[in-house]
Every structure is written in C-alpha cells, then in structure tokens.
Amino acid sequence: MLFQQLINGLTLGSTYALTAVGYSMVFGILGLVNFSHGSVYTVGAFLTLIFFTALKFNFFVSFLLSIILTGLLGILIDRISLYPLRKRNAPKVTSLISTIGVSIFLQNLIMITWGSETKKFPLVINRGSINLFGANISTLQIMIFSMCIVLMVSLNIMIQKTRVGKAMRATAQNSKAAMLMGININAIIMITFFMGSSLASVAGTMVGMYYQTIDPYIGYMAGLKAFAAAVLGGIGVLPGAIVGGLSIGVIEAIAAGYLNAGYRDAIAFAVLVLMLIVKPSGLLGKQASKKV
Amino acid sequence: MAILKLTDVHISYGNIKAVKGINLEINKGEIVTLIGSNGAGKTTTMNTITGLLKPFKGKIEFKGRDITGKNTSEIVKLGISLAPEGRQVFPRMTVIENLELGGYTRTKSQIIETLGEVFDLFPRLRERKYQEAGTLSGGEQQMLAIGRAMMARPELLLLDEPSMGLAPIIVELVLKAIKKINKLGTTILLVEQNARMALMTADRGYLLETGKIVMAANADILLHSDKIIKAYLGENKED
C-alpha cells in the first residue's frame with residue numbers, strides 16, 4: 001500500500017514538477033509569478049486532444065504540435081500582457097494582475113470554443129502493468145515519470161552548461177549586468193516563456209492521458225499545486241521545482257491513501273504552509289545575501 | 001579624432017532632469033575622468049552611453065557613428081563595455097563563468113585568448129577561478145567586474161566608481177591595472193567620487209555639477225584648481 005501510493009505520488013508529482021519549472025523560470029527571470037501558467041497547461045492538453053481526435057493526426061505529431069504551439073502561446077502572453085508593462089517600468093503587482101487576467105481569458109476561451117463539459121482523452125498508450133513489491137505499476141506511469149525526469153534533467157544541464165543557459169542564469173541573477181554583457185534580455189525572456197509553456201503542455205497532456213479525461217478547469221488546481229511545488233522547493237531554483245513537485249505528489253498520494261482522498265489537496269497545501277514557517281526560502285532556496 | 005562624442009545630451013527620470021545638456025569628447029588612447037559629487041549625473045551619463053537609459057535630447061557618437069538610443073547589446077558589440085557601479089558581478093556563478101559571460105558577443109577561441117590576458121592582469125582571479133563570485137572580497141569583485149568588461153575586448157572601457165568601498169591598498173592595485181589596460185590600447189572613461197585619485201590617473205577631466213559640466217581641462221590643471229581643491233579635494237592632503 002505504501003509503495004503503491006509512493007508510485008502514484010511520484011507519477012503525479014513529476015507532472016507537478018514539470019509545471020513548477022515554468023513558474024520557477026519566469027519568477028527567476030522576471031521576479032513575478034505568472035498566474036496564467038495553469039491555463040497554459042490546460043491549453044496544452046486541449047491542443048493535443050484536438051489535433052489527435054478532431055483532426056485525426058498521429059498522436060506523437062499531435063503532442064509535438066501542441067508542445068510547439070503552447071510554447072508560442074507563452075511568448076504571445078509575454079508580448080501582449082507583460083512586455084508593454086515592462087517597457088513602462090510598471091510595478092510588479094500590475095504585471096501579476098495582468099497574468100491573472102490572461103488566465104481568466106484563456107479559461108473562458110477554451111470554454112467558448114470547445115465547451116465546458118469534460119472531454120474523454122483516448123487511451124493512447126497500452127496500459128499494461130508490472131508488479132513490483134506488491135504494487136501495480138502501469139507502463140503509462142513509468143512513461144510519465146521517466147519522461148518528466150529526462151526533460152527536467154536535460155533542462156538543468158542546458159541551463160548549467162550551454163551559452164543560452166548561462167545567459168538565462170545571468171539574467172536571473174542581475175538583468176542589468178546581463179544587458180551589459182551584450183545579452184539580449186528580451187530574447188532570453190522569450191526563450192524562458194517558450195520553454196516553460198511547452199513543458200506545461202507536456203505535463204497537461206500526460207495528466208490527460210493518465211486520467212483519460214480533461215476539462216477546462218484542470219489547469220486551475222494543477223497550476224496551484226505546481227506553484228506550491230515551486231515555492232516548497234525554493235522558487236527560482238530549478239532543482240527545487242523538481243524536489244518540490246515530487247514531494248507534493250508523494251505527500252498528497254499518501255494522505256489520500258491513509259487518511260481520506262478528500263484531504264489530499266488540504267494536506268498538500270498544509271505541508272507548504274508548515275514548510276514556509278520553518279524555512280521561508282523553500283527546501284533548496286538560498287537566502288539572498290548582498291555584499292556591500 | 002574623438003572615439004566618443006556627446007553633444008548636448010539631456011537625460012531625465014520622469015520629470016526629474018538628471019543631466020542637462022552635456023558636451024563631452026574622448027580621444028582614442030586617453031584616460032578621461034568624470035568627477036563630481038553624489039547626484040551630479042555621473043552614473044546616469046555612463047548608463048546612457050551604454051544604452052541602459054535613453055537621452056531625451058542630444059546625440060551620442062561612437063567612432064563617428066550615431067549610437068543614440070541603440071540597445072545595450074548592440075552598443076556592446078560595437079565596442080563599449082561598462083564595469084558598473086557597485087560591481088554587479090553574477091553572485092551565484094563562478095569567476096570563470098562571469099568572465100565567459102563578459103565575452104558573450106565573441107567566439108570561444110577569442111574568449112580563451114582574452115581570458116589569459118585578464119588572468120595575467122589580475123592573478124588573484126586565476127587563483128579563484130572556480131569560486132562563486134558572491135564569495136569574493138569587495139576588491140576581488142571589483143577586479144572581476146573590470147576583467148569581465150575587458151572580456152568583450154572593448155575599444156572604450158567605462159569604469160563607474162571602481163574605488164568605491166575598497167581599502168586604499170586595493171584601490172592602488174586597481175588603479176595600476178587601469179593604467180595598464182590603457183597602455184595596452186584601450187580608451188578609458190573613469191567615473192569617480194574620489195577626485196584626487198581619478199585626476200592622478202587620468203589625462204583629462206570633466207567636472208560635473210547637478211547635471212552640467214562646469215569645468216573641463218587637463219587632469220593636472222584640475223588637480224591644482226582652487227575650485228576643485230576647495231570642493232572636492234579638501235585643504236589638507238588627508239583625503
């Protein structure tokens with residue numbers, strides 16, 4: 001039972017982590033929480049479904065198209081709702097409210113175009129399963145978990161080692177100094193939004209496959225959980241998003257298994273609150289120190 | 001011929017006018033200093049030359065080319081680098097990563113070449129290659145900030161308050177390095193509050209007061225001018 005819940009938790013947790021990365025990266029670069037990220041996640045899942053069921057594309061083509069288009073949507077969100085504010089040096093709160101507006105807009109757009117009812121997400125991967133220590137692990141779970149981990153590890157390597165990754169880190173640490181290095185900040189912001197949003201599309205699609213249903217509100221709770229995961233791990237720190245996502249997934253799975261399924265969300269957020277009281281900067285977060 | 005020329009440059013923050021029509025020229029190979037007290041507009045001027053701020057009036061030319069209002073990344077590519085006030089190193093990156101970012105606009109082999117030059121100039125940075133910049137001392141961070149700006153191989157190097165908060169012995173070391181960089185062929189614009197130190201390093205100087213240039217002369221003339229001695233150097237030699 002414990003092992004089974006652990007597996008379920010890790011599966012869902014890895015999708016939280018993938019979504020949390022988007023919050024964390026944007027926060028790192030722009031210093032604001034992008035509340036439209038949850039809706040982007042929903043759009044990603046819907047796009048995959050539409051390409052696959054309505055337009056009858058091959059599943060992997062549909063998935064890939066959704067990843068690219070959702071990434072572009074991220075760039076568009078920045079261009080329309082954040083860039084004009086940034087150019088005028090608007091306060092961060094204004095930008096934050098702007099992203100909430102985008103979120104409401106996207107959610108309603110989905111409801112108008114595709115209806116508000118729950119949609120069936122077809123079975124794409126054969127759900128065979130293996131038995132390990134008395135737990136039932138489906139191939140889909142293994143696929144979701146490994147894909148999320150591979151994506152996040154590659155993202156981390158990219159950010160640590162490549163030229164673009166270093167430019168992203170530099171921008172996050174000191175954007176003015178990054179400009180002085182000749183880094184085009186707006187290009188870096190676009191890349192950040194593209195990557196964060198396409199990862200949200202991956203997460204949304206995987207969760208759709210996992211539960212075999214999607215509705216226009218899936219991004220709401222998933223977005224909140226992922227945001228909690230980003231904060232729990234230390235927002236702005238990428239490995240923190242991974243640790244935070246997996247922890248929240250496991251905690252809520254265990255709470256659901258041992259207490260009551262109705263408590264899963266409450267327990268997940270209670271852990272976040274406790275954590276913030278003990279260590280406000282998050283599990284892997286660093287306290288900012290400035291030398292004068 | 002002037003490598004950098006500012007003509008009637010006005011800069012404001014909203015309604016507050018910080019710089020009110022300055023004219024300034026730097027010739028190739030010179031060290032020119034811009035001195036003045038807090039709030040005179042020195043840093044504002046530097047930030048405008050590098051494109052971080054846009055002037056609302058006036059013209060900035062670099063090597064005869066109009067660069068007014070261009071983006072910082074373009075200006076860096078053209079050959080102007082700034083070591084900003086307060087050092088602004090990337091604290092959670094290593095010394096070598098900081099330096100590599102300084103050469104962001106250049107190729108890998110060019111970076112490696114200039115890296116050797118920077119390490120020769122500041123051997124302390126070579127010793128601390130893999131240390132995070134945030135853990136360096138103030139003086140080391142300043143060396144890193146200057147080294148990082150040199151990594152772009154600028155024709156014009158702007159230094160904003162390199163002596164700020166440093167022990168006198170380190171200030172001397174940094175100044176020596178600045179002169180050396182200049183000898184190797186880089187033109188330098190030095191902004192300083194420490195007027196004596198700046199004038200002793202520079203060939204020429206401009207005195208900026210509340211957004212206007214009030215004096216412009218050779219450094220040794222400024223060093224002996226009554227006005228500057230009274231306002232900026234003090235009567236006694238202890239500064």
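Summary table
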item: Matching residues in region B:36-89 - criterion: being within 8 Å of chain A (Cβ to nearest Cβ) and either in a helix (DSSP H, G or I) or farther than 24 Å from B:Met151 by Cβ (or both); result: B:Thr72, B:Ser73, B:Val76, B:Lys77
item: Residue match in region B:115-130 (condition: surrounded by fewer than 16 Cβ atoms within 10 Å (Cβ to Cβ), in contact (Cβ under 8 Å) with a residue 24 or more places away in the chain, away from chain A (no Cβ under 13 Å) and part of a loop (DSSP other than H, G, I, E, B)); result: yes
item: Test result for A:Lys161, of a type in the set (D, E, K, R), out of contact with any helix residue (DSSP H, G or I) (no Cβ under 7 Å at 6 or more places or on another chain) and within 29 Å of A:Ile142 (Cβ to Cβ); result: yes
item: Within region A:27-48, considering residues that are at pLDDT below 95 and in a helix (DSSP H, G or I), the one surrounded by the fewest Cβ atoms within 10 Å (Cβ to Cβ); result: A:Gly28
item: Top-ranked residue of region A:233-292 - restricted to ones that are charged (D, E, K, R) and within 14 Å of chain B (Cβ to nearest Cβ), ranked as surrounded by the fewest Cβ atoms within 10 Å (Cβ to Cβ); result: A:Lys290
item: Output for region B:73-97, where each listed residue is modelled with pLDDT of 95 or more, among the polar types (S, T, N, Q) and at negative phi; result: B:Ser81, B:Thr94
item: Residue check for B:Ala167: out of contact with any strand residue (DSSP E or B) (no Cβ under 6 Å at 6 or more places or on another chain) and more than 14 Å from B:Phe119 (Cα to Cα); result: yes
item: Residue match in region A:90-108 (condition: of a type in the set (Phe, Trp, Tyr) and either over 22 Å from A:Gly38 (Cβ atoms) or at pLDDT below 90 (or both)); result: no
item: Unique match (being surrounded by 21 or more Cβ atoms within 10 Å (Cβ to Cβ), without any contact (Cβ under 8 Å) to a residue 12 or more places away in the chain and over 18 Å from the mean Cα position of the chain (by Cα)) among A:Gly182, A:Gly165; result: A:Gly182
item: Flag for B:Arg92 being assigned to a loop (DSSP other than H, G, I, E, B) and facing another protein chain (nearest Cβ under 7 Å); result: yes
item: Some residue of region A:89-102 being in a helix (DSSP H, G or I), in contact with a helix residue (DSSP H, G or I) (Cβ under 8 Å, 6 or more places away or on another chain) and aliphatic (A, V, I, L, M); result: yes
item: Filter result for the condition that a residue is touching a His at 6+ places or on another chain (Cβ under 8 Å) and of a type in the set (Ser, Thr, Tyr), over A:Tyr16, A:Tyr23, A:Tyr83, A:Tyr41; result: A:Tyr23
item: Top-ranked residue in region A:73-106 [being touching a residue at least 12 places away in the same chain (Cβ under 8 Å) and among the small types (Gly, Ala, Ser); ranked as surrounded by the fewest Cβ atoms within 10 Å (Cβ to Cβ)]; result: A:Gly101
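A quick yes/no check of all residues on (1) in a helix (DSSP H, G or I); (2) modelled with pLDDT under 85; (3) acidic (Asp, Glu):
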| site | (1), (2), (3) |
| --- | --- |
| A:Ala222 | yes, no, no |
| A:Ala229 | yes, no, no |
| A:Ile235 | no, no, no |
| A:Val243 | yes, no, no |
| A:Ala255 | yes, no, no |
| A:Asp265 | yes, no, yes |
| A:Met275 | yes, no, no |
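Listed here are the residues, each with its yes/no results for (1) within 29 Å of B:Ala195 (Cα to Cα); (2) aliphatic (A, V, I, L, M).
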| site | (1), (2) |
| --- | --- |
| B:Tyr104 | no, no |
| B:Phe122 | yes, no |
| B:Gly134 | yes, no |
| B:Met143 | yes, yes |
| B:Leu156 | yes, yes |
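The values are calculated or read from the model by the stated rules, or taken from the named source; none is laboratory data. The shown structure was predicted, so the numbers you read here are calculated from the model rather than taken from an experiment. A quick note on method: Cβ atoms are made from the backbone with ideal geometry, for glycine too, and the neighbour counts reach across all protein chains shown.
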